[in-house]
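First comes the structure, then the notes that go with it.
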Amino acid sequence: MDLKLKDKTAIVTGATAGIGLAIARTLAREGVAVTISGRNQEKLDAARADILATAPAASVRTLIADVSTADGAAALIAAQPDADILVNNLGFYESRPFAEISDEEWFRMLDVNVMSGVRLSRHYFPRMLEKKWGRVLFISSETGASTPADMVHYGVSKTAQIAVARGMAELTRGTGVTVNSVLPAATHSEGIVEYLRKTAPRPGMSDDEIQASYFARYRPTSLIARVIDPDEIAAMVALLASPLGGATNGAAVRVEGGAVSSIL
């Protein structure tokens with residue numbers, strides 16, 4: 001399917017691995033000129049090489065910027081003042097007992113997961129409204145709809161992303177601009193593999209056994225009962241970023257394998 005994205009420009013934050021890299025790779029294959037940001041040039045170069053391996057003719061730009069800080073967001077904006085598509089993917093998660101989460105840990109979680117997207121959107125979103133076309137996407141999480149007890153601060157940050165996206169969407173009426181959030185569940189990455197291993201009930205279990213145990217014990221509502229492939233998330237993001245996805249606006253789009261059991 002031609003998503004009609006040729007000649008569009010996109011910024012994808014947190015794109016050196018995992019979901020962000022998969023999104024950048026998918027958009028590049030669709031003809032989008034992609035800019036990826038991160039804090040490590042070596043990782044950015046490796047991500048660029050990965051993207052070009054599947055889309056040799058793609059335009060892929062790398063920018064060193066820690067967009068979890070105001071200075072980092074300003075640096076990215078200065079380097080690329082305009083974009084048709086903004087994918088706010090930067091984020092992290094951790095499992096912590098609620099009573100042990102310090103103020104500093106709360107603020108860091110919100111700075112990285114929420115304010116990074118807010119700062120960038122504050123610049124790019126008005127420009128999209130002026131052009132009467134654009135896409136802003138926040139990569140949220142199933143935990144934004146159903147907060148787990150072992151990572152309350154993470155769940156709060158992901159709920160905040162959904163709220164920001166919906167509020168911004170209210171400003172787009174009749175413009176051709178859309179703002180949506182995407183809610184993955186556990187998605188394959190080095191980080192999630194290590195996280196799942198920590199949940200193993202006994203030593204010596206294989207990764208497949210650990211995954212089965214995790215979904216049985218901690219995510220029994222998942223209908224697919226497996227970790228999601230990043231490319232599955234990227235496919236949905238690409239559709240929402242495209243002109244073909246223009247009828248979806250202000251939505252919290254679930255790509256979480258049925259883990260959230262409510263029908264709305």
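Quick one: angle between helix 207-217 and the longest Cα principal axis of the chain, in degrees between 0 and 90, rounded to 10, please.
80 degrees
List the residues whose amide H sits under 5 Å from the amide H of R61, counting only those 5 or more places along or on another chain, with H placed 1.01 Å from N in the peptide plane.
The list, which skips near neighbours in sequence, is V34, T35, I36.
So for the range 177-251, what percent of the C-alpha to C-alpha distances run longer than 17 Å?
Summing the P(r) tail past 17 Å for the range 177-251 gives 54 percent.
Provide the packing ranking of 227-238, 39-50, 160-171, i.e. peptides ordered by the mean count of other C-beta atoms within 10 Å per residue, highest first.
Per-residue mean Cβ counts within 10 Å order the peptides as 227-238, 160-171, 39-50.
State log₁₀ I(q)/I(0) for the range 1-142 at q = 0.13 Å⁻¹ as given by the Debye formula over alpha-carbon point scatterers of equal weight, solvent excluded.
Taking Cα atoms of the range 1-142 as identical point scatterers yields -0.56.
Using label points projected 7 Å from each Cα along Cα→Cβ, tell me how many nm separate A99 and A216, to one decimal.
Here the answer is 3.1 nm between the modelled labels.
In nm, to one decimal, how far is the modelled label at Q80 from the one at R173, with both set 7 Å along Cα→Cβ?
3.2 nm
Cα-based Rg of the range 116-231 per 2.2 N^0.38 Å, rounded to two decimals? Walk me through the numbers on the way to the answer.
Values: Rg = 17.8 Å, N = 116, 2.2 N^0.38 = 13.4 Å.
Against the empirical 2.2 N^0.38 Å value, I get 1.33 for the range 116-231.
In whole angstrom, note down how far apart the Cα centers of the range 85-117 and the range 245-264 are.
The two parts, judged by their Cα centres, are 22 Å apart.
Assuming a strict under-29 Å limit between Cα atoms, what lysine pair count do you get for the chain once near-sequence pairs (fewer than 8 apart, same chain) are dropped?
Final tally of qualifying lysine pairs is 14.
In nm, what is the difference between 0.36 nm times the number of residues separating F92 and A163 and their Cα-Cα distance?
Difference between extended and current length: 23.7 nm.
Using 0.36 nm times the number of residues separating K131 and L52, minus their current alpha carbon distance, what extension gain do you get?
This chain segment gains 25.5 nm when fully extended.
Gaussian network model of the chain, Cα springs within a sub-10 Å range: biggest mean-square fluctuation belongs to which of V34, V177, V193?
V193
At 25 °C and a viscosity of 0.890 mPa s, what translational diffusion coefficient does Stokes-Einstein give for the range 83-180, taking Rh as the Kirkwood radius over Cα pairs? Give it in µm²/s as a whole number.
176 µm²/s
Mind checking the full-extension length gain between R39 and L264? Use 0.36 nm per residue of separation minus the Cα-Cα distance, one decimal, nm.
Here the answer is 77.3 nm.
State, to one decimal in nm, how far the label point of A149 lies from the label point of R202, with both points 7 Å from Cα in the Cβ direction.
Rounded to a tenth, the inter-label distance reads 2.4 nm.
In which sequence would V67, V87 go, from the one with the fewest C-beta neighbours within 10 Å to the one with the most?
V67, V87
Report, in degrees rounded to the nearest 10, the 0 to 90 angle that the Cα long axis of helix 18-29 makes with the longest principal axis of the chain.
30 degrees
Every number in this text was worked out from the coordinates using simple rules, so none of it is lab data. Keep in mind that what you see is a predicted model, and the values were worked out from it rather than measured. When we count neighbours, we look across all protein chains shown, and the Cβ atoms used for this are built from the backbone with ideal geometry, even at glycine.
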